[in-house]
Amino acid sequence: MTQADTQTQKTSTKEAAAESTADGEAKAEAKAEAKFETEVKVEAVPRTAASVEADLRARLSKMKAAQRKGGIPDYDARVRNLDKLADVLLAKKDDLAKAISKDFGSRSAHETLVADIFVTLGAIKHARAHLASWMESESRDVALTFLPGRAELRTQPLGVIGIISPWNYPVQLAIAPLAQALAAGNRAMLKPSELVPETSELMAKMMKETFDENHVHVVTGGIEEGVAFSKLPFDHLVFTGSTSVGRIVMRAAAENLTPVTLELGGKSPALVSPSFSLATAAKKIMQGKLFNAGQTCVAPDYVLLPKGRVDAFVEECKNATKAMYPKLGSNADYSSIVSAKHYARLSGYIKDAEEKGAKLVKLDPGGEELSEESRKLHPYLVLDPKDDMTVMQDEIFGPLLPIVTYESIDAAIDFINDRPHPLALYTFDNDERRIERVLDETLSGGVTVNETMLHVAQDDLPFGGVGQSGMGHYHAKEGFDAFSKKRGVFYQSRLSGTSLLFPPYGGMLETMLKVLLR
Ligand code: NAD
């Protein structure tokens with residue numbers, strides 16, 4: 001944690017203390033103290049984990065109290081919230097693109113506008129368009145025995161939703177779940193990633209200016225804040241991030257029996273069928289791999305290619321890369337790796353693969369040296385990868401692409417099924433029956449056929465992993481439902497025969513049971 005971070009946190013703690021102090025004088029004193037500390041930049045005293053957690057608990061209590069007092073927001077109020085969210089996102093889109101680029105070192109503004117703004121706006125608009133029907137209560141069937149009573153399924157907000165988001169698409173992965181939480185009538189507390197501090201601070205400011213702090217609240221800070229955040233008794237917790245941290249978060253949520261949606265990562269394969277054009281497959285796979293420099297949860301992680309086609313595929317990958325990125329270093333379209341730690345991690349994967357006997361093909365269309373400071377990394381194809389290499393064990397999350405060969409479609413399907421269910425699966429094929437076979441015989445969070453990643457951008461499709469790649473869904477109606485309680489209600493009629501079932505049991509019940517148990 002930087003000193004600036006510590007100072008900001010200290011200031012906000014004091015301000016929170018000032019807010020929560022009932023006594024007017026003490027409140028004024030606490031405020032003055034906070035102001036004094038900000039102005040004179042007193043040496044920051046580290047906060048303890050307990051005090052971080054206590055602050056967050058106090059905030060959540062206030063939000064829950066406000067939720068109870070405010071009651072269930074009606075359709076108009078929810079539409080207003082969605083509109084406010086869309087408006088602030090559009091108004092700040094360029095500032096957000098700048099902030100993300102600053103956090104990354106260099107992040108394509110176009111990719112931010114597409115993946116962080118356009119996709120998020122799409123989700124907001126979709127929720128707004130379908131909100132009335134999603135909110136409607138449903139009438140349900142009643143068995144003859146219980147007529148003329150009636151049954152209904154009501155949809156109610158859960159309360160306050162916690163949202164922990166990662167750095168790779170920092171706006172989309174915080175604001176899209178927020179939109180659905182608000183559509184479902186909830187309040188929300190967000191904890192964006194510490195790896196994108198500019199963006200997180202900007203989102204906090206945007207939300208503060210747009211919503212009451214008891215409606216939407218953004219918690220900035222580092223892992224310590226994340227740990228404390230995951231321990232809070234939310235009514236639902238959405239975590240987007242790595243599988244390893246997902247386990248920790250789920251464990252913490254279990255203490256409160258807080259239900260979780262886990263949007264995790266994994267190794268998403270791209271299966272190229274024997275009859276599919278290698279040029280088309282290479283172009284589409286490289287586009288998916290190099291978007292955001294491969295730092296995408298649904299990026300194709302590795303390719304499954306028919307045996308004997310490697311050389312031709314490598315040439316097509318080189319051509320495709322050169323066409324999209326004639327240069328890398330000075331190219332604003334090609335993003336940097338987010339941090340020195342991730343840069344070192346990916347450099348370690350390359351070294352490990354080389355040491356263990358892989359053949360590496362560096363994709364260097366402009367013949368450039370890329371400096372470590374720029375954190376721009378040449379893409380690499382990894383040929384002859386072995387299972388013990390880190391590129392075949394860990395989710396890559398960068399511009400490295402192992403190419404695994406297969407002898408038959410059965411073997412390719414087995415390769416996929418021998419590993420944890422991936423978040424996404426891509427199959428490049430024009431044979432309908434084989435596509436069906438791949439869909440039926442594998443399991444993944446989602447699938448795009450003959451392209452990569454686009455299933456995520458379909459507003460009417462749910463999104464979420466399965467097994468190691470996650471649990472639960474958001475996006476579409478499934479997201480709205482995840483943040484709602486589906487509450488079954490039975491309305492007894494004034495005229496009803498159920499009292500015949502009350503004790504003392506005797507002849508009447510026995511006669512009825514003879515009929516009912518046939
Ligand atoms: P991460 O797991 O390191 O961090 C995610 C978030 O968790 C951050 O906000 C971080 O501050 C917080 N965190 C870290 N440690 C914590 C702890 N002990 N307790 C509580 N919170 C903690 O992930 P990342 O590096 O930010 O993101 C990359 C990962 O996210 C990849 O695995 C990627 O596949 C996955 N991802 C998944 C999706 C999806 O929708 N399924 C989308 C984007 C990224």
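The values are calculated or read from the model by the stated rules, or taken from the named source; none is laboratory data. Because the structure is a prediction, the values reported are computed rather than measured. Here Cβ is always computed from backbone atoms with ideal geometry, including for glycine, and neighbour counts include all displayed protein chains.
Do we find that residue 294 is within 14 Å of the ligand (Cβ to nearest atom), farther than 17 Å from residue 160 by Cα and at pLDDT below 95 in this structure? No: the conditions fail for residue 294.
Those residues that are within 25 Å of residue 473 (Cα to Cα), more than 20 Å from the chain's Cα centre (by Cα) and surrounded by fewer than 17 Cβ atoms within 10 Å (Cβ to Cβ), I need them from segment 105-133; list them, please. Correct list: 129, 130, 132, 133. In segment 250-261 there is at least one residue that is within 18 Å of the chain's Cα centre (by Cα) and under 20 Å from residue 58 (Cβ atoms). Between 436, 441, the distinction of being acidic (Asp, Glu) and out of contact with any helix residue (DSSP H, G or I) (no Cβ under 8 Å at 6 or more places or on another chain) belongs to 436 only.
Counting only residues that are among the aromatic types (Phe, Trp, Tyr) and under 21 Å from residue 112 (Cβ atoms), how many does segment 299-349 have? Residues in segment 299-349 being among the aromatic types (Phe, Trp, Tyr) and under 21 Å from residue 112 (Cβ atoms): 3 in total. Residues that are in a loop (DSSP other than H, G, I, E, B), within 24 Å of the chain's Cα centre (by Cα) and under 19 Å from residue 243 (Cβ atoms) within segment 375-399 comprise 394, 395, 396, 397, 398, listed in sequence order. Within segment 366-374, none of the residues are within 24 Å of residue 241 (Cα to Cα) and either in the same structural domain as residue 168 (by TED's automatic domain parsing) or without any contact (Cβ under 8 Å) to a residue 60 or more places away in the chain (or both). For segment 95-104, check the following and say yes or no: at least one residue is within 17 Å of residue 478 (Cα to Cα), outside the structural domain of residue 328 (by TED's automatic domain parsing) and more than 15 Å from the ligand (Cβ to nearest atom). Within segment 95-104, not a single residue is within 17 Å of residue 478 (Cα to Cα), outside the structural domain of residue 328 (by TED's automatic domain parsing) and more than 15 Å from the ligand (Cβ to nearest atom). Just so you know, in segment 390-412 the residues that are of a type in the set (A, V, I, L, M, F, W, C) and out of contact with any Phe, Trp or Tyr (no Cβ under 9 Å at 6 or more places or on another chain) include one that is nearest to residue 302 (Cα to Cα), and it is 397. Part of a helix (DSSP H, G or I), more than 10 Å from the ligand (Cβ to nearest atom) and in the same structural domain as residue 381 (by TED's automatic domain parsing) - does that describe any residue in segment 271-278? Yes, there is a match, as at least one residue in segment 271-278 is part of a helix (DSSP H, G or I), more than 10 Å from the ligand (Cβ to nearest atom) and in the same structural domain as residue 381 (by TED's automatic domain parsing).
Within segment 295-333, being in a loop (DSSP other than H, G, I, E, B), of a type outside the set (S, T, N, Q) and under 23 Å from the mean Cα position of the chain (by Cα) holds for 297, 298, 299, 300, 301.
Cβ separations smaller than 9 Å between residues 6+ apart or across chains give the following pairs from segment 255-277 residues that are at positive phi to residues that are among the hydrophobic types (A, V, I, L, M, F, W, C) and near the ligand (Cβ under 10 Å from one of its atoms): 266/297; 266/423; 266/424. Of all the listed residues (481, 414, 418), the sole one being under 16 Å from residue 238 (Cα atoms), surrounded by fewer than 19 Cβ atoms within 10 Å (Cβ to Cβ) and out of contact with any Pro (no Cβ under 6 Å at 6 or more places or on another chain) is 481. Residue 371 meets all of the listed conditions (1) at pLDDT below 95; (2) closer than 21 Å to residue 311 by Cα; (3) not β-branched (Val, Ile, Thr) but one, namely (2).
If you go through segment 219-243 and keep only what is over 16 Å from the mean Cα position of the chain (by Cα) and of a type in the set (A, V, I, L, M), you end up with 219, 223, 227, 228, 232.
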